[in-house]
Amino acid sequence: MTIFEAYNGAKKQLKAAGIEDYVFEAKQIIKHVTGLTSAQILTDYNKSLSEFQQNNLTAILRQREIRYPLQYIFGEWEFYGRSFYVGPGVLIPRADTEILAETALEYLKDKENPRALDLCAGSGCIGITLAKEREDGRVTLVEKYDEALSFADKNLKRNYCKNAELIKGDIFESAAAKNNEYDLIVSNPPYISPDEMKTVSPETEFEPESALLAGDGGMEFYKAIIKNYKSSLKVGGMMAFEVGINRYGQISDLLKAAGFKDTGVKKDLNNIERVVYAIK
Ligand SMILES: C[S@@+](CC[C@H](N)C(=O)[O-])C[C@H]1O[C@@H](n2cnc3c(N)ncnc32)[C@H](O)[C@@H]1O
């Protein structure tokens, strides 16, 4: 089987499995299996796959047919230009979450040696991005669950992150809260309500429920973080959240009711209001 035949076969199989992004995925899978770059694939398309590569391709396509996430198959995924280990037990970093990292970095632009807190850190993608982009600052990452913590720990090491600390803790118990300590508190908390859980993609069903599901109609984490961590922000500090579809109004209102000012919203690549922020 040539690379060209493998690519066309993969596209067909992925499309038949109902995968929307089947062209992109087929290319990623061929790159992964052959170890070639996109440019090499174009020039070497008539080369044959080895038996090992063909077996690997078959196994990957079988996993995708049952909609096991591509990111878990590869074991790593990119966020804000860096690679992060991922696998069962941790949320896969989403491209939309880069808007939260961007909003945070934009705010920190004028701060020297900023202190930042990333609550509900998961793989560590947000906190590690902040720490790497601002090596003069210091970032604390808080995560409750061991599986996610172990990925975050590996990702800190993988990215040679020297200015970040990872804390096992629960945001409902105010882990890492400290009076007037932080310039910035960011969080992409679980925000899917039990009703919305019934409509998530087949891939999302393989991700940990503890990273997704939130009580109180999806609002419980926002309410707890605003209540438990407002005093940890310096005056003038920013609190910024990733939010679910059509939630930005509710979360802006919560921030205003808690005495925050200058609330703002940022849209994601699909024009959906994805980030809500406010100043203490
Ligand atoms: C939506 S995921 C976000 C992960 C990561 N920040 C990202 O953007 O990809 C939410 C994370 O919160 C963690 N979590 C759930 N309940 C928590 C709690 N009570 N305290 C701290 N972390 C919690 C989950 O394990 C999960 O890693």
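The values are calculated or read from the model by the stated rules, or taken from the named source; none is laboratory data. Not measured: the values here are computed from a predicted model. When we count neighbours, we look across all protein chains shown, and the Cβ atoms used for this are built from the backbone with ideal geometry, even at glycine.
State all residues of the range 182-195 that are farther than 15 Å from I225 by Cβ and away from the ligand (no atom under 14 Å from the Cβ); if no residue qualifies, say none. Within the range 182-195, D183, P194, D195 meet the criteria. Per the conditions (1) of a type outside the set (D, E, K, R); (2) within 28 Å of C125 (Cα to Cα); (3) touching a residue at least 24 places away in the same chain (Cβ under 8 Å), the sole criterion not satisfied by V23 is (3). Pairs meeting the criteria (first residue in the range 56-76 and within 17 Å of K31 (Cβ to Cβ), second residue of a type in the set (K, R) and assigned to a helix (DSSP H, G or I), beta carbons under 8 Å, at least 6 apart or on different chains) are L70/R64; I73/R64.
Could you say whether any residue in the range 201-224 is under 22 Å from F84 (Cβ atoms), surrounded by 20 or more Cβ atoms within 10 Å (Cβ to Cβ) and not aromatic (F, W, Y)? Yes: the range 201-224 contains one or more residues that are under 22 Å from F84 (Cβ atoms), surrounded by 20 or more Cβ atoms within 10 Å (Cβ to Cβ) and not aromatic (F, W, Y).
Contact map, the range 95-115: residues that are in the same structural domain as K267 (by TED's automatic domain parsing) paired with residues that are surrounded by fewer than 22 Cβ atoms within 10 Å (Cβ to Cβ) and of a type in the set (G, A, S), Cβ distance under 9 Å, separation 6+ or inter-chain. Pairs shown: T103/G264; L108/G137; K111/G137; E112/G137; N113/G137; P114/G137; R115/G137. The residues of the range 121-133 that are in contact with a strand residue (DSSP E or B) (Cβ under 8 Å, 6 or more places away or on another chain) and surrounded by fewer than 24 Cβ atoms within 10 Å (Cβ to Cβ) amount to a single one, K132.
Does L156 satisfy the criteria of being within 22 Å of L105 (Cβ to Cβ) and part of a strand (DSSP E or B)? No, not satisfied.
When G122 is tested against the conditions (1) touching a residue at least 12 places away in the same chain (Cβ under 8 Å); (2) in the same structural domain as K154 (by TED's automatic domain parsing); (3) away from the ligand (no atom under 13 Å from the Cβ); (4) out of contact with any Pro (no Cβ under 6 Å at 6 or more places or on another chain), the lone failure is (3). Exactly one residue out of K198, K132 is away from the ligand (no atom under 12 Å from the Cβ) and either within 19 Å of the chain's Cα centre (by Cα) or modelled with pLDDT of 95 or more (or both): that is K132. Within the option set L141, L166, L149, L184, being part of a helix (DSSP H, G or I) and within 22 Å of F241 (Cβ to Cβ) holds for one residue only, L149. In the range 82-110, the qualifying residues are those that are away from the ligand (no atom under 11 Å from the Cβ) and among the polar types (S, T, N, Q), and the one that is surrounded by the most Cβ atoms within 10 Å (Cβ to Cβ) is T103.
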